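Enquirer: One structure, pasted below without further comment.
The values are calculated or read from the model by the stated rules, or taken from the named source; none is laboratory data. Since we're looking at a predicted model, the values are computed, not measured. When we count neighbours, we look across all protein chains shown, and the Cβ atoms used for this are built from the backbone with ideal geometry, even at glycine. These area figures cover heavy atoms from the full protein model, side chains too; ligands, DNA and RNA do not enter into them. Shrake-Rupley method; radii C 1.70, N 1.55, O 1.52, S 1.80 Å.
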Amino acid sequence: MKQEATPVIEFDHVSKIYENGVVGLKDINLTIMPGEFVVVVGLSGAGKSTLMRAVNRLHDISQGDIRIDGESITKAKGKKLRQIRRKIGMIFQNFNLINRATVLRNVLTGRVGYYPTWKMLFGLFSPEDKQRAYQALQTVELADKVYTRADQLSGGQQQRVSIARALTQAPSLILADEPIASLDPETTRRVMDDLKRINQELGMTVLVNLHQVDLAQAYGSRIIGIRAGEKVFDGPVSEATSAVFDEIYNGAEAEG
Amino acid sequence: MEDLLPKQKLNWHKWALTAVMLVALVWSAFITDAHLGLFFTNFSQFTELFVEMAHVDWAYTGYTLEPMLQTIKMSIIGTLLGSALAFPYALLVSRNIVTNKVVVGVFRFILNIVRTIPDLMLAALFVAVVGIGPVAGIFALTIFTFGMVSKLFYEAIETIDPGPLEALRAAGGNRIEIIRFAVFPQIANYFVSYVLYAFEINVRASTVLGYMGAGGIGVYLQQALSMFRYDRVGVIVLVIFVVVLAIDYVSGKTREALL
Amino acid sequence: MTELKLPNPPAQRRWGKVLAAVIFIGLVIWAFTGMPAFSIKANAVMVTKSIGDGLIHPDWAYVWTGDGEDLTSTLLETLGIAILGTFISAVISLPFAFWAAHTKHKFWLVTRSGKFVLTAIRTFPEIVLALMFIKAVGPGSFAGVLAVGFHSIGMLAKLFSEAIENMNGGAGEAVTAAGGSALDVTMLASLPQLLPEFVSNTLYRFELAIRSASILGMVGAGGVGTPLIFAIQTRSWPRVAIILYGIIVLVTATDWLSGALRKRLV
């Protein structure tokens, strides 16, 4: 590893307590370096999604500090916040595509952070960005669907469009929040393969949360276990034995 | 021994409500001096008017076309201006766009008040302000459309899928970009449909606005009525009927194609 | 991977959009032709100012004078017009609804003619109707009742007929299967299903009737519209303002009440 590279993500004593008193995250410390493929595992409701959404501040945290490439996103406001978010691509469980718009339109929206607002009001994307979007669609092998309406694609295709959207953003980090939860096993492999390729060929850091232990072991380089808002495991995939997963999911000894 | 069927509990809520409604009905008949007898004894007068109307003064048809077109023009402009105002306003009162409850509450309250003002009253007020003519009608229709369409708009906005909004936010979009790329594409078709619907209603409404001096065919209707030329009233009513049917048909087909 | 150029979008969709835009812009331009240029008249500002003054200082004394011509009395009259008018309309709407409802074993022309008649009633301007009834029974709220009652049929019978069309036929079949007559089917299966829907539609129509009833007085058909048009014509804005506030209160209150009742029905 390079000498003293800046971590992509740093969590510094991060806690999140929801308005109704539910604890989402409890004193989490975390450092993710460039190029890692990190899989977050845990039960549903354990705080995996909260963790993901804390990274790009779709959810605000209650305590602590989160830094992206060394810059605090917790303290960022307005334009600064949006510039940091621009560096983070996100993939969602429900794809979050605009159904009535074409695939191209959907992929282009990944670029909004790069334009002044008035240009966006008229939807004026540059030809270079259109080409960039088309390139991203080739990466996920959906170039032929460029002018198809998003709701005419299958679930797996829609998820790959949303990957292309994230790629078009040219981020250094990709967050994938249960990207395969609504997909069948066949398309699951494709989406996970795409993520792996992005990680290895394009060198983007990937943080993905999953339910499935086998997928976590097959794709991840590092596993983080979350239980009841607490980090209960953090280590390379080789150390994540079945005993470890057992603890993450069933909470063998530690309190919950 | 066989168990007897238990008695159903008396649903006194229902009975009380029915009683209140009956009392309200009797009270209404009393306060409005309703004499159905009077209606039936004078029924011949009523039918006479219909007979007079049925003797349509066809020669008058030509004169009604110009004001009828003006009515349609008024409706188009009024619908357009009202909808243009309604769009930003609807965003302002949508709970999934503006999270400040006080802002939403206050502006919704204002909207509800605007919606209670009858269209004819708006027409009469604007005639007083800008004078007799179609401009008063356009203003009245603008406010009327604004109230009607704002509500339809914000109800549509509040049912959209929040996913794309989140995706845009994650990609670094600001509020305007979120509206442009995540809100607008989801509701554009509904908006066009509602605007067309408002246009249908406005064509009907604007036919009578002229009665208060606010331009269009209503002015001619008022003249014919005050001169007791029911044969001309008949023509006007027929022309209105045909135009409304035609516009409803075209607009309905367009809306069907959109949704 | 070789660099592929982004292909052009399919032509037919683009042309559809262009066509729609051309039609739309053409209509708007046409609408503005021949419209008198909007110029603010010298006194418009003054009128607006005095209207604003009136809105701030409404004529509170008019709320209740006790002579039966005050705001409270005329608002109650308006309410009465709406209630009785809607009731009459609901009764007359029933046969119309069965006429216009599209159901099995019915000649299409029957349904079509029924729907056509309802459209005609809906389109007939309510004001003209009010004036005709004034001719028949004299000016006053009874003419308003008749106008509301007759005009509402167009919409109410349409709503009723849609309820009939959407009715679940299973319950009726069960009654027939048990040996019931057509009357039995109506009484035991159709009515219990339709009644809540009918009441809900009637309440909805009542909300609209309140709005109509408050303006029909402008042509002499009773209710709060009569003092309103006098106040506007004499430009006594404090009076206009208090009447406007009265209408807003009445409409808001009845909307709320009717909405609450409808919610409980469903």
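Enquirer: For B:Ile138, state whether it is within 12 Å of another protein chain (Cβ to nearest Cβ), in a helix (DSSP H, G or I) and farther than 30 Å from C:Thr33 by Cα.
Expert: no
Enquirer: Let me ask another. For residues that are within 8 Å of another protein chain (Cβ to nearest Cβ) and either in contact with a Cys (Cβ under 7 Å, 6 or more places away or on another chain) or on the phi < 0 side of the Ramachandran plot (or both), tally how many sit in segment A:116-126.
Expert: So the answer is 3.
Enquirer: Can you tell me which residues in segment A:127-160 are open to solvent by 30 Å² or more (accessible area, probe 1.4 Å) and not in a helix (DSSP H, G or I)?
Expert: Scanning segment A:127-160 gives A:Glu141, A:Tyr147, A:Thr148, A:Arg149, A:Ser154.
Enquirer: Oh, and also: Look at segment A:43-68 and say how many of its residues are within 14 Å of another protein chain (Cβ to nearest Cβ) and more than 30 Å from A:Thr188 (Cβ to Cβ).
Expert: Here the count works out to 1.
Enquirer: How many of the residues in segment C:121-132 are in contact (Cβ under 8 Å) with a residue 24 or more places away in the chain, facing another protein chain (nearest Cβ under 7 Å) and either more than 19 Å from the chain's Cα centre (by Cα) or buried (at least 22 other Cβ atoms within 10 Å of the Cβ) (or both)?
Expert: So the count comes out to 2.
Enquirer: When you scan segment B:131-150, how many residues do you find that are without any contact (Cβ under 8 Å) to a residue 60 or more places away in the chain and over 24 Å from C:Val224 (Cα atoms)?
Expert: 0
Enquirer: Out of the residues in segment B:201-233 that are open to solvent by less than 40 Å² (accessible area, probe 1.4 Å), facing chain C (nearest Cβ under 10 Å) and farther than 14 Å from B:Leu120 by Cα, which is farthest from the chain's Cα centre (by Cα)?
Expert: Ranking the qualifying residues of segment B:201-233, first place goes to B:Tyr230.
Enquirer: How about segment C:91-120: which of its residues are open to solvent by 20 Å² or more (accessible area, probe 1.4 Å), within 14 Å of chain B (Cβ to nearest Cβ) and within 13 Å of C:Gly154 (Cα to Cα)?
Expert: C:Val91, C:Ile92, C:Lys115, C:Phe116, C:Val117, C:Thr119, C:Ala120 - these are the residues of segment C:91-120 that are open to solvent by 20 Å² or more (accessible area, probe 1.4 Å), within 14 Å of chain B (Cβ to nearest Cβ) and within 13 Å of C:Gly154 (Cα to Cα).
Enquirer: Filter segment A:85-104 down to the residues that are among the hydrophobic types (A, V, I, L, M, F, W, C) and more than 8 Å from chain B (Cβ to nearest Cβ) and list them by number.
Expert: Those that are among the hydrophobic types (A, V, I, L, M, F, W, C) and more than 8 Å from chain B (Cβ to nearest Cβ): A:Ile91, A:Val103, A:Leu104.
Enquirer: Right, something else. Within segment C:3-21, can you find the residues that are over 19 Å from A:Leu142 (Cβ atoms) and at pLDDT 80 or above?
Expert: Once the filter is applied, which keeps residues that are over 19 Å from A:Leu142 (Cβ atoms) and at pLDDT 80 or above, segment C:3-21 yields C:Trp15, C:Gly16, C:Lys17, C:Val18, C:Leu19, C:Ala20, C:Ala21.
Enquirer: Additional query: Taking the conditions exactly as written (more than 8 Å from every other protein chain (Cβ to nearest Cβ), in contact (Cβ under 8 Å) with a residue 12 or more places away in the chain and open to solvent by less than 40 Å² (accessible area, probe 1.4 Å)), does C:Thr78 satisfy them or not?
Expert: yes
Enquirer: Could you check segment A:231-244 and list, in sequence order, the residues that are open to solvent by 10 Å² or more (accessible area, probe 1.4 Å) and under 17 Å from A:Val38 (Cβ atoms)?
Expert: A:Lys231, A:Val232, A:Phe233, A:Asp234, A:Pro236, A:Val237, A:Ser238, A:Glu239, A:Val244
Enquirer: Pairs needed: first member in segment C:12-28, within 25 Å of B:Gln70 (Cβ to Cβ); second member anywhere, surrounded by 10 or more Cβ atoms within 10 Å (Cβ to Cβ) and hydrophobic (A, V, I, L, M, F, W, C); C-beta distance under 7 Å; at least 6 residues apart or different chains.
Expert: Going by the 7 Å Cβ cut-off, the qualifying pairs are C:Leu27/B:Ile76; C:Val28/B:Ile76; C:Val28/B:Leu80.
Enquirer: Output the residues belonging to segment B:48-76 that are more than 25 Å from B:Gly137 (Cβ to Cβ), within 9 Å of chain C (Cβ to nearest Cβ) and open to solvent by less than 50 Å² (accessible area, probe 1.4 Å).
Expert: B:Leu49
Enquirer: Something else now. Run down B:Leu196, B:Leu168 and say which single residue is at pLDDT 90 or above and either among the polar types (S, T, N, Q) or touching an Asp or Glu at 6+ places or on another chain (Cβ under 9 Å) (or both). Break it down stepwise before answering.
Expert: On the way: B:Leu196 fails: either among the polar types (S, T, N, Q) or touching an Asp or Glu at 6+ places or on another chain (Cβ under 9 Å) (or both).
Going through B:Leu196, B:Leu168 in turn, just one is at pLDDT 90 or above and either among the polar types (S, T, N, Q) or touching an Asp or Glu at 6+ places or on another chain (Cβ under 9 Å) (or both): B:Leu168.
Enquirer: Now for a different question. In segment B:169-180, how many residues are more than 21 Å from B:Val93 (Cβ to Cβ) and in a helix (DSSP H, G or I)?
Expert: 1
Enquirer: Out of all the residues in segment C:139-198, which are more than 15 Å from C:Pro95 (Cα to Cα), surrounded by 21 or more Cβ atoms within 10 Å (Cβ to Cβ) and not small (Gly, Ala, Ser)?
Expert: C:Phe142, C:Val145, C:Leu146, C:Val148, C:His151 - these are the residues of segment C:139-198 that are more than 15 Å from C:Pro95 (Cα to Cα), surrounded by 21 or more Cβ atoms within 10 Å (Cβ to Cβ) and not small (Gly, Ala, Ser).
Enquirer: Test B:Asp57 against the stated conditions and say whether it is touching a Gly at 6+ places or on another chain (Cβ under 8 Å) and farther than 29 Å from B:Leu209 by Cβ.
Expert: On the way: touching a Gly at 6+ places or on another chain (Cβ under 8 Å): yes; farther than 29 Å from B:Leu209 by Cβ: no.
When the stated conditions are applied, B:Asp57 does not pass them.
Enquirer: Could you pull out every one of the helices (runs of 4 or more DSSP H) wholly within segment A:1-112 that has 3 or more residues that are open to solvent by 20 Å² or more (accessible area, probe 1.4 Å) and within 30 Å of A:Ser126 (Cα to Cα)? Steps first, answer last, please.
Expert: Numbers: elements: A:48-55, A:78-86, A:103-108.
Correct list: A:78-86.
Enquirer: What residue, among those in segment B:77-125 that are of a type outside the set (S, T, N, Q), open to solvent by less than 30 Å² (accessible area, probe 1.4 Å) and more than 30 Å from B:Leu238 (Cα to Cα), is nearest to the other protein chains (Cβ to nearest Cβ)?
Expert: B:Leu111
Enquirer: Taking only segment B:140-152 into account, find how many residues are under 20 Å from B:Tyr220 (Cα atoms) and either of a type in the set (Lys, Arg) or open to solvent by 10 Å² or more (accessible area, probe 1.4 Å) (or both). Lay out the reasoning, then the answer.
Expert: Narrowing segment B:140-152 to residues under 20 Å from B:Tyr220 (Cα atoms): B:140-141.
Next, from what is left, pick out any that are either of a type in the set (Lys, Arg) or open to solvent by 10 Å² or more (accessible area, probe 1.4 Å) (or both): none.
So the answer is 0.
Enquirer: Return the residues of segment A:136-145 that are more than 8 Å from chain C (Cβ to nearest Cβ) and free of Cβ contacts under 8 Å to residues at least 24 places away in the same chain; say none if nothing qualifies.
Expert: Result: A:Glu141, A:Asp144.
Enquirer: Just to be sure I understand the filter: pairs with C-beta atoms under 6 Å, separated by 6 or more residues or on different chains, first member in segment B:237-253 and more than 10 Å from every other protein chain (Cβ to nearest Cβ) and open to solvent by less than 50 Å² (accessible area, probe 1.4 Å), second member assigned to a helix (DSSP H, G or I) and of a type in the set (A, V, I, L, M, F, W, C). Which pairs pass?
Expert: From segment B:237-253, the pairs are B:Val239/B:Met68; B:Ile247/B:Val203; B:Ser251/B:Leu196.
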